[in-house]
Amino acid sequence: MEDTKHVMLVGEGARQFAVSQRFEETDLLTDESRKAWKKWKKEQNEMTPHDTHDTISVLAQDSNGNLAGACTTSGWAYKMHGRVGDSPIIGAGLYVDNEIGCAAATGLGEEVIKTTGSFLVVELMRQGYDPTAACEKALNRVIKRHNGNPDFQIAYIAIRKDGKIGSACIKWSFEYALARDGVNKLHKIKGIV
Ligand code: GLY
């Protein structure tokens with residue numbers, strides 16, 4: 001966004017741009033991953049992002065109160081070629097509004113995209129919801145669409161402009177790390193269904 005007029009480049013155009021910016025082209029497929037893929041090809045077991053999850057969402061607030069966020073994922077193991085998850089979609093996997101707050105998602109990206117999840121969490125904070133309540137309310141939209149008991153996970157984390165943090169997940173449990181005032185702590189929360 002700083003080096004072009006655009007918000008997002010994809011596919012071959014993104015590759016060409018990255019090379020022009022001197023990013024090195026490498027093959028990230030390891031022997032171990034190739035082996036795992038070959039095994040999966042034989043078995044063809046259905047997988048979800050929860051089975052193979054590795055989304056990293058990071059929210060930050062500096063000492064002046066400015067908010068920032070990042071979100072990265074390899075998505076869904078053995079997905080269809082061309083699948084786009086929520087992580088790169090502004091408003092889905094991540095949303096930052098420096099006036100209100102920021103939010104980020106992990107879990108089944110398709111369901112986060114369908115509810116514009118992170119944007120929704122920030123908008124709910126704008127309406128006055130506490131960060132955890134905003135995360136829960138956004139998840140409840142997904143839960144309702146799945147008759148009250150989805151068989152997949154989504155978790156949100158959020159920071160409000162005043163520094164209050166929140167998080168919620170649909171089911172099972174979810175862990176997030178909080179680094180504040182020189183203390184790093186792992187927090188575990190339980191699902192809301
Ligand atoms: N949340 C990560 C993905 O679905 O790609």
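Summary table below
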quantity: Total residues in segment 24-33, condition surrounded by fewer than 10 Cβ atoms within 10 Å (Cβ to Cβ), assigned to a helix (DSSP H, G or I) and within 26 Å of the chain's Cα centre (by Cα); calculated: 1
quantity: Filter pass, Gln21 being more than 16 Å from the ligand (Cβ to nearest atom), more than 19 Å from the chain's Cα centre (by Cα), at pLDDT 95 or above and closer than 22 Å to Arg141 by Cα; calculated: no
quantity: Cross-chain or 6+ apart pairs with Cβ under 6 Å, segment 167-179 first and more than 17 Å from Gly109 (Cβ to Cβ) and free of Cβ contacts under 8 Å to residues at least 12 places away in the same chain, then in a strand (DSSP E or B) and acidic (Asp, Glu); calculated: none
quantity: Segment 144-161: number of residues that are surrounded by 19 or more Cβ atoms within 10 Å (Cβ to Cβ) and either within 14 Å of the ligand (Cβ to nearest atom) or not basic (Lys, Arg) (or both); calculated: 8
quantity: Gly69, sole failed condition from (1) surrounded by 11 or more Cβ atoms within 10 Å (Cβ to Cβ); (2) outside any strand (DSSP E or B); calculated: (2)
quantity: Filter pass, Leu94 being under 19 Å from Val58 (Cβ atoms), at pLDDT 95 or above and surrounded by 18 or more Cβ atoms within 10 Å (Cβ to Cβ); calculated: yes
quantity: Residue check, Asp3 among the charged types (D, E, K, R), under 30 Å from Arg141 (Cα atoms) and modelled with pLDDT under 95; calculated: no
quantity: Residue match in segment 1-13 (condition: away from the ligand (no atom under 16 Å from the Cβ), within 21 Å of the chain's Cα centre (by Cα) and part of a helix (DSSP H, G or I)); calculated: yes
quantity: Options Lys79, Lys35, Lys42: the member that is charged (D, E, K, R) and either touching a helix residue (DSSP H, G or I) at 6+ places or on another chain (Cβ under 6 Å) or within 16 Å of the ligand (Cβ to nearest atom) (or both); calculated: Lys79
quantity: Test: residue in segment 117-129 that is assigned to a loop (DSSP other than H, G, I, E, B), touching a helix residue (DSSP H, G or I) at 6+ places or on another chain (Cβ under 8 Å), touching a residue at least 40 places away in the same chain (Cβ under 8 Å) and not polar (S, T, N, Q); calculated: no
quantity: Sole residue being more than 16 Å from the ligand (Cβ to nearest atom), among the β-branched types (Val, Ile, Thr) and farther than 15 Å from Leu67 by Cβ, chosen from Val84, Val96, Val193, Val122; calculated: Val193
quantity: Matching residues, segment 1-30, being among the aromatic types (Phe, Trp, Tyr) and on the phi > 0 side of the Ramachandran plot; calculated: none
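The values are calculated or read from the model by the stated rules, or taken from the named source; none is laboratory data. Nothing here was measured: the structure is a model prediction, and the numbers come from that model. Glycine gets a Cβ as well: all are built from the backbone with ideal geometry, and neighbour counts include every protein chain shown.
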